[in-house]
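Read the structure below first, then the notes.
The values are calculated or read from the model by the stated rules, or taken from the named source; none is laboratory data. Just so it is clear, the model here is predicted, and its values are computed rather than measured. Here the Cβ is made from the backbone with ideal geometry for all residues, glycine too, and neighbour counts use every protein chain on show. Just so you know, the surface numbers come from the protein's heavy atoms only, side chains and all, with ligands and any DNA or RNA stripped out. Shrake-Rupley method; radii C 1.70, N 1.55, O 1.52, S 1.80 Å.
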Amino acid sequence: MKVLILGSGGREHALAWAVARSARVSQIVCAPGNGGMAQIARCVPLNLKDLGDMVRLAEQERPDLTIVGPELPLALGVVDALQQRALRVFGPTRAAAMLETSKGFAKHFLQRHGIPTPHYAVCATVAEAVHAIEMFHAPIVVKADGLAAGKGVIVCPSRTVAAEAAEGLFSGALLGGAERQVVVEEFLEGDEISFLCLSDGKHVAPLVPAQDHKRIGEGDTGPNTGGMGVYSIDSLLDPAMSDWILHHIAEPTIRGMAEEEMPFAGVLYCGLMMTARGPQVLEFNARFGDPETQAILVRLESDLLDALEACADGRLAETPLRWTPGASVCVVASSAGYPGSYKTGFPITGIGAAEKVPGVQVFHAGTAQMGGQLITVGGRVLGVTASAGTLGEALSRVYEAMGEIHFEGIYFRRDIGHRALGAAK
Ligand code: AMP
């Protein structure tokens, strides 16, 4: 079987690595790929912002399955375009991906279906937003409606700051592009959990739970990033809570989308806050998370390709997922300065030695091969990932492996998963 993977990050490297383990795969093409994917797949250039370019590539390669990694191609309708050409593809259609691409759509959808989510108002003008802000106590959360690469959520300590945030989103001062809608939302406190599941539009199969660390600094301080680390252990959610989330959040979402004639097939990523009044949906993503995917897939025992194909073909109910019990961790090594400005082009060494540590896989994000040398080309450079019987063991493996890796300005958090360590023992 020939598989095409769209994307170039750590998530896509982990997908390619997991797909490569399937006995049925004969060829993997990654577009555009990265320095790590180039070691296990053929990488071809691609502009992920250009729908025509993606369709041309798929028509030329004619893969048996295309797997879409990032959100932008979904928002552009790559799944619809490939399906129209009778090409098999894993991922939601443009309409179904609105669960991620429009927070206003997602909030109204959640309310229509009685799925728990913070109180909110979707506002079309600054005046509407200011009026809505008066209804909430500080702190108040103000969110851009559209895709914002993790920069669209502003937690505001006062109504004045919230009004300024809404104004900045509508004018374009905050994100560059002007928002047509802004969501004003109740602030909630609690632990955050990433609950991902696969769906074929009808059946829902949960993946193991994960918890990520978005802030750049240790102790969860400083600016938000794409994600600096994540860990997965079964005890993040007890079985009763996991069932509750499945039956009251994930399944009603998939059922609701089918009822509204936008069946959702792909990965539904539920970003949940575990509050005093139960789990609440903070956001949906319509794709695998990064770096959640890296930590989740190293725990997958069954064949990923079978499961993704089953999603595309509507027969997920016949394809159970099997997981390795225990724990996994992914720690991101980033370039000095990230998420602000940073330099690239530095040689990377030690990945071979890092992967000799038992249970360790190094997934590449911002890397490229240049003249036989692996170099840094992005802010998040590598995702060093380890699995083990316990979280403590997975952490010691990951940091031992990280100690082998060198590039100028390497930065990583040393406290990934530490909050859970006591509880997990
Ligand atoms: P989102 O992209 O909606 O998941 O928001 C990004 C981050 O902002 C979340 O992971 C939370 O840490 C925070 N956040 C979003 N919504 C809320 C909320 N209603 N209350 C508290 N924190 C929030």
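Quick rundown of the values:
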read-out: Residues (open to solvent by 30 Å² or more (accessible area, probe 1.4 Å) and over 14 Å from G9 (Cβ atoms)) located in segment 39-52; value: Q39, I40, R42, P45, N47, K49, D50, L51, G52
read-out: Residues satisfying the stated conditions in segment 173-203, i.e. away from the ligand (no atom under 16 Å from the Cβ) and open to solvent by 10 Å² or more (accessible area, probe 1.4 Å); value: A173, G176, G177, A178, R180, D200, K202, H203
read-out: Any pair with Cβ under 6 angstrom, 6 or more apart, that starts in segment 102-131 at a residue that is more than 16 Å from R159 (Cα to Cα) and ends at one that is assigned to a loop (DSSP other than H, G, I, E, B); value: S102/D145; K103/D145; G104/D145; G104/Q181; L110/T117; P118/L188; V122/Q181; A124/Q181
read-out: Which listed residue is modelled with pLDDT under 95, of a type in the set (D, E, K, R) and either within 16 Å of the ligand (Cβ to nearest atom) or open to solvent by 10 Å² or more (accessible area, probe 1.4 Å) (or both), from R215, R287, R255; value: R215
read-out: Selection within segment 264-273 - away from the ligand (no atom under 12 Å from the Cβ) and assigned to a strand (DSSP E or B); value: A265, G266, V267, L268
read-out: Given (1) farther than 29 Å from A307 by Cα; (2) modelled with pLDDT of 95 or more; (3) more than 12 Å from the ligand (Cβ to nearest atom); (4) not in a helix (DSSP H, G or I), index of the condition L87 fails; value: (1)
read-out: Subset of segment 112-153 that is β-branched (V, I, T), open to solvent by 40 Å² or more (accessible area, probe 1.4 Å) and over 17 Å from T101 (Cα atoms) - its residue that is nearest to the ligand (Cβ to nearest atom); value: V130
read-out: Condition check for G345: small (G, A, S) and in a loop (DSSP other than H, G, I, E, B); value: yes
read-out: Answer from K151, K214 - the residue that is within 20 Å of the chain's Cα centre (by Cα), charged (D, E, K, R) and farther than 30 Å from A307 by Cα; value: K151
read-out: Yes/no for P223 being open to solvent by 30 Å² or more (accessible area, probe 1.4 Å), assigned to a strand (DSSP E or B), closer than 21 Å to K143 by Cβ and touching a residue at least 24 places away in the same chain (Cβ under 8 Å); value: yes
read-out: Where D238 falls short, out of the listed (1) within 16 Å of the ligand (Cβ to nearest atom); (2) open to solvent by 10 Å² or more (accessible area, probe 1.4 Å); value: (1)
read-out: Those residues of segment 287-305 which are of a type in the set (A, V, I, L, M) and assigned to a loop (DSSP other than H, G, I, E, B), in sequence order; value: V298
read-out: Pairs with Cβ under 7 Å, 6+ apart, first in segment 332-354 and basic (K, R), second open to solvent by less than 20 Å² (accessible area, probe 1.4 Å); value: K343/S335
read-out: Candidate set: segment 18-38, residues that are open to solvent by 10 Å² or more (accessible area, probe 1.4 Å) and aliphatic (A, V, I, L, M); chosen: the one farthest from L300 (Cα to Cα); value: A38
read-out: Pair list, Cβ under 6 Å, 6 or more apart: segment 408-425 residue open to solvent by 90 Å² or more (accessible area, probe 1.4 Å), other residue at pLDDT 95 or above and not hydroxyl-bearing (S, T, Y); value: E408/F346
read-out: Test: residue in segment 3-26 that is touching a Ser or Thr at 6+ places or on another chain (Cβ under 6 Å), in a strand (DSSP E or B), aliphatic (A, V, I, L, M) and at pLDDT 95 or above; value: yes
